[in-house]
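Everything on this sheet refers to the single structure shown next.
The values are calculated or read from the model by the stated rules, or taken from the named source; none is laboratory data. If you're wondering where the values come from, they're calculated on a predicted model, not measured in any experiment. Quick reminder, even Gly has a Cβ in these numbers, built from the backbone with ideal geometry, and neighbours come from all protein chains shown.
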Amino acid sequence: MAAPAGVAWHLVVGSLHDDAPVLAGAALLAVAGMLSFAVYRTSLPAVVAALSTAGLASWSHRVDHDAPELPSGSLASEWLLLIALVLLAGALVLLVRQRLGSGTTGALVDGVIVGLGAWLVVWVVLVEPALDVSTDQVLTAVRAVTLGAAIAVLFLAATVIFSDQAATWSVRFLGAATAALLVHVFGRAVEFRSGAAAVRHDVLVDAPIAVMFAMGAAMLLHPSIVHLGATGRSRQSQPIVARILATTAALVAPVIVLASIDPLRPRDRAVRTISVIVLAVAVMARVVQAVRANARSQADLLRIALTDPLTGLPNRTLMIRHIDESLRDARPGRRQPTVLFIDVDRFKNINDSLGHATGDVVLGEVARRIVDAAGPGTTVGRIAGDEFVVLDPDTETPTRSVELADRILDAFRDPVAAPSGDMFVTASIGVAFARRGVRLDAEDLMRHADTAMYRAKDAGRNCIALFDDSMIETVTRRLDLETALHRALERDELRLVHQPILDLDRGRVVGFEALMRWDRGPEGVVSPADFIPVAEETGTIVPLGSWAVRDALGHLREWIDRGLCAPDATMSVNVSPRQLHDPRFVGIVGDALAATGLPAGHLWLEVTESAVITEPEMTLASLRSLNQLGVRIAIDDFGTGYSSLSLLQQFPIQCIKIDRAFVARLGDGGSDNLVRTIRALARAIGADVIAEGVETEDQMNRLLALDCHRAQGYAIARPVPAAEVGAVVARLERIFG
């Protein structure tokens, strides 16, 4: 702390009117240093280095001011300034090491180039002329060393500026303070060139000292001072333009100076020659380093573009290349390539329930097992989240392809060790063999294996499927169905048919079930068993189901108004899990009821047991909201799902529909135990019962004996278009009434 104390003393006892800005700056810097240490717990060496550097520089300035005509005073100020620059250079060296860490070669070489270029200019313009005019060789030597130290500081500052680390405000303020000090140093050198014993005090020499104090205080007071010596975050955009401009200027300026000013003596020529050689070496080193870095970057980019970052396996693009090469190299009559498409079964459940970190661990283990099982000569790639591809370029027969798939499937027999515990993972594998005489490209073979994999999924998962041409027809038909289904509403191809629900005791129609039908015109009628699963999977069921609710309630409103059915008749509409998970669905039902003016109790929504067990919390919330509107809920196809009784007890259920499979057993003296049990369960939870699929009069009589009074089925009436409902209701009530 001697240097700051010394400069404070000299400033206080000196003429205040001449040094007022410097005095104010010194006071500000001292206060900033104390506050920074007290508030931010700034490293004490950093505070001391900042205060000492500024103090020595300002002390040198004060000595120059006090004794401008004395050589001894100039020598003392030169020594003070040299010590300040050495101290600053040491602090910058520590900053470079701490802040930049490894990988600083480019920034260091750029700093060397800037420093050498500046040194050449300084030597020719300032140092060499000063050696000629000065009679004090010691003073001249110290001045030369001072300028050399300034060049070193410039080099270190350039290294920090050109680094890949994003500059904080404290680093910016440090750079500004350093720049101000260098301006002061070079300003003094310009004055020395005139041959004066000391420096005249003007703006070029005095003002930078005040700026240095201000920037130093800002550095110490800014909150980012606590991270000054830490490795910062990388820049989002590298300072390429600034580096090119600075290094270009460092090369062009010496060339101009050397070309304009001839060497004065052999010493001058020697210094110039050595400096130019060192600068050329630095430039060559920088070019070599840049070329190598670019080559590494290109290699890294290529690796990233063609490999999977999690497993390191080839990605889809690279696998397509490998498959294409295998197909080109395959010769007629020789072995042919095989592609295996592997999909981890229900991997989404692992990610959703255990997290993506666990999912990544599982995928890494899956990749390792596939590579080990596939063996040498094969290529394994990961082309999507949980999808892997294996290429065997030399397969003798399709049988050998299936044997390879079986080895891979067998690799999944053992549990996978995950952070949350051991778990069993299965996979579905599709196999596509490039048959001789069939022209295929890589995309075709990959698509065939993918198609076969989906066939394995449909077969129950954890199995193998070998591609055949019929699969293409199935996929093509499904794609056509999906595309047409998206436009079915627009083209008015959908319609509802209605099956009456009969009260067997009274012989009266008490309600209807709305069933969706799709007539594609020239393409024919599509079975609900074909298009409903597609609508569920693609999400098209949401708009289709909303339309069905509105259309069904509109029909019921019309029939009641025309007296075609009882005023208390109900309408049942099937809803899917997708609809119940749609946050807009409750509002859609409410709007449909409001539009028709029907009481909510006229609408029954039928849900299957699968809808109950699929995200039960979300389903329960939707059903409760619907129930609060007054809409009643029925469980459809009861007994065929997997829901537990405890789960069903939580749901607001007002009706249980007995599946046709149980009703069919009532005929021909079959057992009625299941129907009796379901009826007892419904009575226990306070729900009505409707029997589905009644096809004989004997079944109706058995149902009545079991206290099941409501039924629907072909024995009563088939589903009919809305226009025929009036006639069907009249006929049923005439027959059963």
> What do you reckon, is Ile690 within 58 Å of the chain's Cα centre (by Cα), in the same structural domain as Asp551 (by TED's automatic domain parsing) and more than 16 Å from Phe662 (Cβ to Cβ)?
Replying inline: no
> In the range 440-475, which residue that is among the hydroxyl-bearing types (Ser, Thr, Tyr) and under 33 Å from the mean Cα position of the chain (by Cα) is nearest to Val542 (Cα to Cα)?
Replying inline: Tyr454
>> Out of the residues in the range 339-353 meeting the condition of being of a type outside the set (D, E, K, R) and within 14 Å of Met453 (Cα to Cα), tell me which one is surrounded by the fewest Cβ atoms within 10 Å (Cβ to Cβ).
In response: Val344
> Do we have Arg702 as of a type in the set (Lys, Arg), surrounded by fewer than 14 Cβ atoms within 10 Å (Cβ to Cβ) and modelled with pLDDT of 85 or more here?
Replying inline: no
> Within the set of pairs 6+ apart or on separate chains, which have a first residue in the range 415-442 that is under 16 Å from Met471 (Cβ atoms), a second that is among the hydroxyl-bearing types (Ser, Thr, Tyr) and assigned to a loop (DSSP other than H, G, I, E, B), and C-beta atoms under 7 Å apart?
Replying inline: none
> Does the range 368-386 include one or more residues that are free of Cβ contacts under 8 Å to residues at least 40 places away in the same chain, more than 19 Å from Ile429 (Cα to Cα) and either among the polar types (S, T, N, Q) or in the same structural domain as Asp441 (by TED's automatic domain parsing) (or both)?
Replying inline: yes
>> I want to confirm something. Restricting to the range 488-498 and keeping residues that are modelled with pLDDT of 90 or more and either part of a strand (DSSP E or B) or small (Gly, Ala, Ser) (or both), which single residue is nearest to Leu327 (Cα to Cα)?
In response: Leu494
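This table checks each residue for (1) under 25 Å from Leu502 (Cα atoms); (2) modelled with pLDDT under 90; (3) outside the structural domain of Asp707 (by TED's automatic domain parsing).
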| residue | (1), (2), (3) |
| --- | --- |
| Gly563 | yes, no, no |
| His581 | no, yes, no |
| Ile613 | no, yes, no |
| Pro616 | no, yes, no |
| Arg632 | yes, no, no |
| Phe638 | yes, yes, no |
| Leu647 | no, yes, no |
>> For the condition part of a helix (DSSP H, G or I) and in the same structural domain as Leu327 (by TED's automatic domain parsing), what is the one hit in Leu440, Leu485, Leu404?
In response: Leu404
>> Yes or no: the range 457-477 includes at least one residue that is in contact (Cβ under 8 Å) with a residue 40 or more places away in the chain and part of a helix (DSSP H, G or I).
In response: yes
>> Looking at the structure I just gave you, is Asp394 closer than 21 Å to Val371 by Cβ, touching a Lys or Arg at 6+ places or on another chain (Cβ under 9 Å), modelled with pLDDT under 90 and among the charged types (D, E, K, R)?
In response: yes
> Would you pick out the residues in the range 499-535 that are buried (at least 16 other Cβ atoms within 10 Å of the Cβ), of a type outside the set (Phe, Trp, Tyr) and in a helix (DSSP H, G or I)?
Replying inline: Ile532, Val534, Ala535
>> If I filter the range 700-707 for residues that are within 56 Å of the chain's Cα centre (by Cα) and acidic (Asp, Glu), do I get at least one hit?
In response: no
>> Out of everything in the range 442-463 that is surrounded by fewer than 18 Cβ atoms within 10 Å (Cβ to Cβ) and charged (D, E, K, R), what residue ends up being farthest from Phe341 (Cα to Cα)?
In response: Asp458
> Given the residues Ile256, Ile261, Ile277, which is the only one that is among the β-branched types (Val, Ile, Thr), surrounded by 14 or more Cβ atoms within 10 Å (Cβ to Cβ), at pLDDT 75 or above and more than 38 Å from the chain's Cα centre (by Cα)?
Replying inline: Ile261
>> Step by step: first the residues of the range 424-441, then only those that are modelled with pLDDT of 90 or more and surrounded by 20 or more Cβ atoms within 10 Å (Cβ to Cβ), then the one that is farthest from Ala330 (Cα to Cα). Which residue is that?
In response: Val425
> Residue check: is Ala552 buried (at least 21 other Cβ atoms within 10 Å of the Cβ) and assigned to a helix (DSSP H, G or I)?
Replying inline: yes
